[in-house]
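What follows is a set of notes on a single structure, which appears directly below.
The values are calculated or read from the model by the stated rules, or taken from the named source; none is laboratory data. From a predicted model like this one, the values you see are computed outputs, not experimental measurements. Ideal geometry is used to build each Cβ from the backbone, glycine not excepted, and the neighbour counts take in all protein chains shown. The area values use the complete protein model at the heavy-atom level, side chains included, leaving out ligands, DNA and RNA. Shrake-Rupley method; radii C 1.70, N 1.55, O 1.52, S 1.80 Å.
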Amino acid sequence: MRKYWHLLKSQMQIETAYMAWYWADTISGILRLFIMYFFWAAVFQNRQSVGELTFQSMITYVIIAMTLEAFVAGVGKTIAQDIKGGNIALELLKPYDYLTKLIWMDFGSKINGFVRSALPILLLSFLFLDITKPASLLAGCFFIPSMVAGILIGTQIDLIIGVLAFWTVNIWGLGVLREAIVKFFSGALIPLTLFPGWFQEVSQWLPFQSMIYVPVGIYTGQISGGHILTSFAIQCVWLLAIYVIVRVMWQQAVKRITVFGG
């Protein structure tokens, strides 16, 4: 465990080495925050609600979803780069589990991302944009574990994309497809309750809504009562299932490794 902890800290140190780029992400996030705020202010200018959501509920959902979206990506590109460059052969010889190493380094990136981007956005939102607190005590208790589960699901899905590089070599197209699917089916853009009924039915059978819509829906009260426990249980099932899929794919992939480059 100690070696993975050192990898996490080394990743944090690497990302903070160039402070200008480091804080540029903060400025970018704050600009996005105010763009989204004024966009929805214009939408609600002549109406009291959209669907069943008031302006305050909508802006709370959008800001938290926007913040969380930055954390559901993973390290799939790193796997693809190591495969294409030939570094994967050396990585497999080192005294650690390669996928576990990537996950811990990804944790380091996400901790930096929280301090650099998410924390300033949330502070500004609570101080100046008047976003709401969790809808209930139960929602507040389940939001954090639900959020962590959503982030881990996103990380595992990204690992699947990365492992597919053993067969496709270049995963750029798969990455673009993943981004598009996550944008719509996870509720990252708008709450899934605003989509047509058939879209909501389809999304219920996919893991993507567990990444963003479920934790944010719990926070805002769109998911309440006994549905909170059910939704969190479904998240845990999806996380376990996708983890198993990743490991099975990985075991099959390393058996037929082909190295390109060095």
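Evaluating L239 against the criteria (1) assigned to a helix (DSSP H, G or I); (2) in contact with a Gly (Cβ under 8 Å, 6 or more places away or on another chain); (3) modelled with pLDDT of 90 or more leaves one unmet condition, (2). Residues in the range 41-67 that are within 20 Å of G29 (Cα to Cα) and in contact with a Leu (Cβ under 6 Å, 6 or more places away or on another chain): 0 in all. Being surrounded by 16 or more Cβ atoms within 10 Å (Cβ to Cβ), among the small types (G, A, S) and either touching a residue at least 12 places away in the same chain (Cβ under 8 Å) or closer than 22 Å to F142 by Cβ (or both) is a condition met by at least one residue of the range 231-241.
Taking the range 183-222 as the range and being part of a loop (DSSP other than H, G, I, E, B), out of contact with any Phe, Trp or Tyr (no Cβ under 9 Å at 6 or more places or on another chain) and open to solvent by 20 Å² or more (accessible area, probe 1.4 Å) as the test, the residues that pass are L189, P196, W205, G221. The criterion of at least 3 residues that are of a type in the set (V, I, T) is met by the following helices (runs of 4 or more DSSP H) wholly inside the range 104-179: 137-163. Scanning the range 146-182 for residues that are open to solvent by 40 Å² or more (accessible area, probe 1.4 Å) and within 14 Å of the chain's Cα centre (by Cα) yields M147, V148, L152, E179, A180, I181.
Might you check whether a residue that is within 30 Å of K84 (Cα to Cα), touching a helix residue (DSSP H, G or I) at 6+ places or on another chain (Cβ under 6 Å) and modelled with pLDDT of 90 or more occurs anywhere in the range 214-233? Checked the range 214-233: no residue is within 30 Å of K84 (Cα to Cα), touching a helix residue (DSSP H, G or I) at 6+ places or on another chain (Cβ under 6 Å) and modelled with pLDDT of 90 or more.
Tell me, yes or no, whether the range 223-230 has at least one residue that is in a helix (DSSP H, G or I) and either under 19 Å from the mean Cα position of the chain (by Cα) or under 26 Å from I161 (Cα atoms) (or both). No, that holds for no residue. With respect to the conditions (1) modelled with pLDDT of 90 or more; (2) open to solvent by less than 20 Å² (accessible area, probe 1.4 Å); (3) not charged (D, E, K, R), G113 falls short on a single one, namely (1).
Residue-wise test of (1) within 20 Å of G150 (Cβ to Cβ); (2) of a type in the set (K, R).
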residue	(1), (2)
F44	no, no
R47	no, yes
V75	yes, no
K84	no, yes
I88	no, no
